[in-house]
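This report concerns only the one structure given below.
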Amino acid sequence: MKSGMENIMRRQKRVAVINDVTGFGRCAAAVAQPIISAMKIQCCVVPTAILSVHTGFPDYYLHDFTPYLKSYIDSWEKTGIAFDGISSGFIGSREQISLVVDFFERFKKEDTLAVVDPVMGDYGKLYSSYTDEMCQEMKRLLPFADVLTPNLTEACRMLDLDYHNVDMSPESLNDISRALSEQGPGRVVITGLQQGERIFNYVYEKNKNAKFIATRKIGGDRSGTGDVFASIVTGALMQGDDFEKAVRRAIEFLDKAIAFTVRQDLPWNYGICFEEYLKEL
């Protein structure tokens, strides 16, 4: 008969994913759940909103889940569910940010991995649903984060920097990453730094040498890219990979999946055909 300790050691890991649920378009929880599950980790979704298609389509239905989130979270707490990891993505309102903070306060334990993807904007502009006030509120997530995965726009917003006055030199990116890290996350990766036909990711970890990891640029931007990236990084870290390896796994997976998607000649808002390579995770 196996001991209780053996059963604990063998228990499948479990991650809570806080994100919207979109029926079509390959983004958010619709990306995270299959990817994290393929990595042999139980994925439990906290829905921030339910959409027919994501907001990159001209016509979409959106059901804001904010009024129901507290009862949803209360039920999990009463049931006694514990998590090895928590990953947060798109948050739709200031009130939701407070509810996500509450979730971290209730469920993040000393050994719980917390990955925060501060989805707010790109190319120096905020997404249409975001306000300056919400960006200020997003900073409340930093003390809970072990890992932060912003693009440069989001990193600047977290630090009240002017995106248009920030360069992509190693010195500048190191200063930004260190300033973010000082507020909570020991590991930061600034994603999607485009230069010519290459895309760079700046990988920063406290007390280690930071580095760029580059990949080729394939086609134009596609919805859900950041969700795929954050999901694989989360899963890889929970599997025991170090931070650099986790980032490399995400980049290599995306390279193959995006190339396949381009060959399929799909519209940008159809997302990335990640399903083709799930068995390789």
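The values are calculated or read from the model by the stated rules, or taken from the named source; none is laboratory data. None of these values were measured; they are calculated from a predicted model. No Cβ is skipped: glycine too gets one built from the backbone with ideal geometry, and neighbour counts run over all protein chains shown.
State whether the residues of the range 195-218 include one that is in a strand (DSSP E or B), of a type in the set (Asp, Glu), in contact with a helix residue (DSSP H, G or I) (Cβ under 8 Å, 6 or more places away or on another chain) and without any contact (Cβ under 8 Å) to a residue 40 or more places away in the chain.
Checked the range 195-218: at least one residue is in a strand (DSSP E or B), of a type in the set (Asp, Glu), in contact with a helix residue (DSSP H, G or I) (Cβ under 8 Å, 6 or more places away or on another chain) and without any contact (Cβ under 8 Å) to a residue 40 or more places away in the chain.
So for the range 222-237 (the condition being over 18 Å from LEU141 (Cβ atoms), over 15 Å from the mean Cα position of the chain (by Cα), among the small types (Gly, Ala, Ser) and not in a strand (DSSP E or B)), does at least one residue qualify?
For the range 222-237, residues over 18 Å from LEU141 (Cβ atoms), over 15 Å from the mean Cα position of the chain (by Cα), among the small types (Gly, Ala, Ser) and not in a strand (DSSP E or B): absent.
What number of residues within the range 157-194 are outside any helix (DSSP H, G or I) and either aliphatic (A, V, I, L, M) or in contact (Cβ under 8 Å) with a residue 40 or more places away in the chain (or both)?
14
Within the range 206-234, can you find the residues that are surrounded by 23 or more Cβ atoms within 10 Å (Cβ to Cβ) and at positive phi?
Within the range 206-234, just GLY224 meets the criteria.
Listed residues SER93, SER88; which is at pLDDT 95 or above, crowded, with 16+ Cβ neighbours inside 10 Å, polar (S, T, N, Q) and touching a helix residue (DSSP H, G or I) at 6+ places or on another chain (Cβ under 7 Å)?
One residue alone meets the criteria, SER88.
What are the pairs, 6+ residues apart or on separate chains, where a residue within the range 240-256 that is among the small types (Gly, Ala, Ser) has its Cβ under 9 Å from a residue that is surrounded by fewer than 19 Cβ atoms within 10 Å (Cβ to Cβ)?
ALA246/GLN239
Just the residues that are among the charged types (D, E, K, R), closer than 17 Å to VAL188 by Cβ and in a helix (DSSP H, G or I), please, taken from the range 238-281.
Across the range 238-281, the qualifying residues are GLU244, LYS245, ARG248.
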